[in-house]
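Just below is one structure, and these are the notes that go with it.
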Amino acid sequence: MDYFFYVILGLAPSVIWLLFYLRKDSHPEPKGKLLLVFLGGALMGPVALLLQFFAMSALSPSSSWPTLFASLNQNRSLFFLNIMILAPLSEELLKYLVVKWQVLKNPSFDEPLDAMIYLITSALGFAATENLLNIFLIPNLTFQLAFSQASVRFLSATLLHTLASGTLGYFVACSLLNLRHKNFILLTGFSLAVILHSLYNYLAWLFTSDKFFALMIALLLVAMAGLVGWQFRFLKKQLSICKIR
């Protein structure tokens, strides 16, 4: 029975944020499609770990597979490569690919705001898998520890995934409103999402040795939330995509 509550705590941050953002959509998306995108994002969690694992094993052939992640504490260059480049790149790309494969050619995708809604949904599925892994990897797991972990991630890592992918979703919508510069706009949005993700990872690493950086993380997330809020309001005013295709 305890494991059931741990699963609920692991899923709760993603579900709460998902409900919050879905309320912002005045033309709700099909629930079945949203569920598929959420599950697709969740499945990309293990894929991202595998990609990072194989990339790091290729860059550090002297490390054995079972001890690769443990050896990151001794190999600072590899550690920073992972948190600053490999993890942000692979995670933002995989969350985007879920939407590209499942949604962008679907008739239900008919207005610019949908791009942000679906990218956020994919990100929250991804974050749900991360949250579950983090909870079940806690030594001597208790309900109090699981609740504490879920609460912290609700306001940190889960929110980061939401806002980074929401930002990319805005640029996806803009690329469909400006087909002439579509690739450049997409690349700009993807680069911005990766940079914001990398910056968060760096500040989170600094936080482990100096609690002052909690304030820097909070300021970053507040700034990102303000940006995403503006993007939502802007896209609500745009023509439906179906009229431009």
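Side notes on the structure shown:
- Screening the candidates Ser108, Ser122, Ser175 for the property of being closer than 30 Å to Phe207 by Cβ and of a type in the set (Ser, Thr, Tyr) yields one hit, Ser122.
Per-residue answers, yes or no, for (1) buried (at least 16 other Cβ atoms within 10 Å of the Cβ); (2) of a type in the set (Val, Ile, Thr); (3) closer than 22 Å to Gly45 by Cβ:
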| residue | (1), (2), (3) |
| --- | --- |
| Arg180 | no, no, no |
| Ile185 | yes, yes, no |
| Phe212 | no, no, no |
| Met216 | yes, no, no |
| Leu221 | yes, no, yes |
| Gly226 | no, no, no |
| Gly229 | no, no, no |
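- In segment 112-131, residue farthest from Ser26 (Cα to Cα) [restricted to those that are surrounded by 24 or more Cβ atoms within 10 Å (Cβ to Cβ) and among the hydroxyl-bearing types (Ser, Thr, Tyr)]: Ser122
So that you can scan it fast, the table gives a plain yes or no per residue for (1) at pLDDT 90 or above; (2) surrounded by 17 or more Cβ atoms within 10 Å (Cβ to Cβ); (3) within 20 Å of Leu199 (Cα to Cα); (4) in contact with a Cys (Cβ under 9 Å, 6 or more places away or on another chain):
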site: Pro30; (1), (2), (3), (4): yes, no, no, no
site: Val37; (1), (2), (3), (4): yes, yes, no, no
site: Leu51; (1), (2), (3), (4): yes, yes, no, no
site: Ser57; (1), (2), (3), (4): no, no, no, no
site: Thr67; (1), (2), (3), (4): no, no, no, no
site: Asn73; (1), (2), (3), (4): no, no, yes, no
site: Leu86; (1), (2), (3), (4): yes, yes, yes, no
site: Val98; (1), (2), (3), (4): yes, yes, no, no
site: Asp110; (1), (2), (3), (4): no, no, no, yes
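- When the criteria are applied in full, Ser198 fails the requirement of being crowded, with 18+ Cβ neighbours inside 10 Å and touching a Lys or Arg at 6+ places or on another chain (Cβ under 9 Å).
The values are calculated or read from the model by the stated rules, or taken from the named source; none is laboratory data. For clarity, every value in this text was computed on a predicted model and none was experimentally measured. Don't worry about glycine lacking a Cβ; one is built from the backbone with ideal geometry, like all the others, and counts go over all protein chains shown.
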